[in-house]
Amino acid sequence: MTEPAPHTSADLALIKQIIPHRYPFLLIDRVRDIVPFESAVGVKMVTSNEPHFQGHFPNEPVMPGVLIVEAMAQTSAIVVGISMNLIGTDMVTYFMGIDACKFRRKVVPGDVLELRVTCKRGGGKVWKFLGEAFVGDEKAAEAEFTAMMAPAPKS
């Protein structure tokens with residue numbers, strides 16, 4: 001088994017070396033407190049100039065719940081990338097399932113979204129995580145999700 005990469009945090013540059021997402025779909029700004037094969041905390045600065053706020057909703061901007069879940073999943077993909085030392089490789093992590101998803105509070109421009117993910121099963125191609133999204137001390141969302149790793153498709 002490969003040794004985990006020696007990182008306990010990931011800035012935007014390192015995130016881009018692990019996952020293929022880019023603006024406007026890169027939904028995490030940094031990841032901290034990375035414990036390989038266990039957990040991490042992603043951080044998303046929610047700003048008013050994000051494209052989804054133009055239509056969701058024009059007079060009351062609310063971050064779509066599916067994007068909150070995606071941000072948790074991207075944080076989880078960083079845990080996988082560090083755990084499996086996939087920095088600079090062409091692996092992609094794909095959703096397989098989302099369970100027990102609940103939304104507890106609106107996420108709006110100006111919020112700092114903390115994405116706390118915990119690995120329930122992992123180490124191979126299929127990983128399962130529990131994710132919780134917080135704004136301050138308030139839980140905004142929670143979900144369990146399963147993802148699979150695969151090589152990126154060749155162009």
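Values in this text are rule-based calculations from the coordinates and carry no lab data. Everything quoted here is computed from the prediction, not taken from an experiment. Please note: Cβ atoms are built from the backbone with ideal geometry, for glycine as well, and neighbour counts cover all protein chains shown.
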Residue in the range 105-115 that is over 11 Å from the mean Cα position of the chain (by Cα) and acidic (Asp, Glu) present = yes
key: Residue that is farthest from GLY42 (Cα to Cα) [pool: residues in the range 122-155 that are without any contact (Cβ under 8 Å) to a residue 40 or more places away in the chain and buried (at least 19 other Cβ atoms within 10 Å of the Cβ)]   = VAL135
inquiry  = Which residue is surrounded by the most Cβ atoms within 10 Å (Cβ to Cβ), if the candidates are limited to the range 69-104 and must be of a type in the set (D, E, K, R) and over 12 Å from the mean Cα position of the chain (by Cα)?
reply    = ARG104
inquiry  = If I ask for residues that are outside any loop (DSSP other than H, G, I, E, B), surrounded by fewer than 17 Cβ atoms within 10 Å (Cβ to Cβ) and not small (Gly, Ala, Ser), which ones from the range 1-22 would you list?
reply    = LEU12, LYS16, GLN17
task = Determine, yes or no, whether PHE37 is surrounded by 13 or more Cβ atoms within 10 Å (Cβ to Cβ) and at positive phi.
result = yes
ask   = Do we find a residue being touching a residue at least 40 places away in the same chain (Cβ under 8 Å), farther than 17 Å from THR118 by Cα and not in a loop (DSSP other than H, G, I, E, B) anywhere in the range 23-43?
value = no
ask   = Would you pick out the residues in the range 2-30 that are within 18 Å of MET84 (Cα to Cα) and in contact with a Gly (Cβ under 8 Å, 6 or more places away or on another chain)?
value = ALA5, GLN17, ILE18, ILE19
task = Could you check, for the range 59-67, whether at least one of its residues is buried (at least 17 other Cβ atoms within 10 Å of the Cβ) and within 14 Å of the chain's Cα centre (by Cα)?
result = yes
request  = Would you mind stating whether THR8 is more than 21 Å from ILE98 (Cβ to Cβ), touching a residue at least 40 places away in the same chain (Cβ under 8 Å) and not aliphatic (A, V, I, L, M)?
outcome  = no
task = Pairs only if they're at least six apart or on different chains, beta carbon under 6 angstrom, first in the range 110-121 and more than 17 Å from VAL66 (Cα to Cα), second surrounded by fewer than 20 Cβ atoms within 10 Å (Cβ to Cβ) and of a type in the set (Ser, Thr, Tyr); list them, first residue then second.
result = THR118/SER39
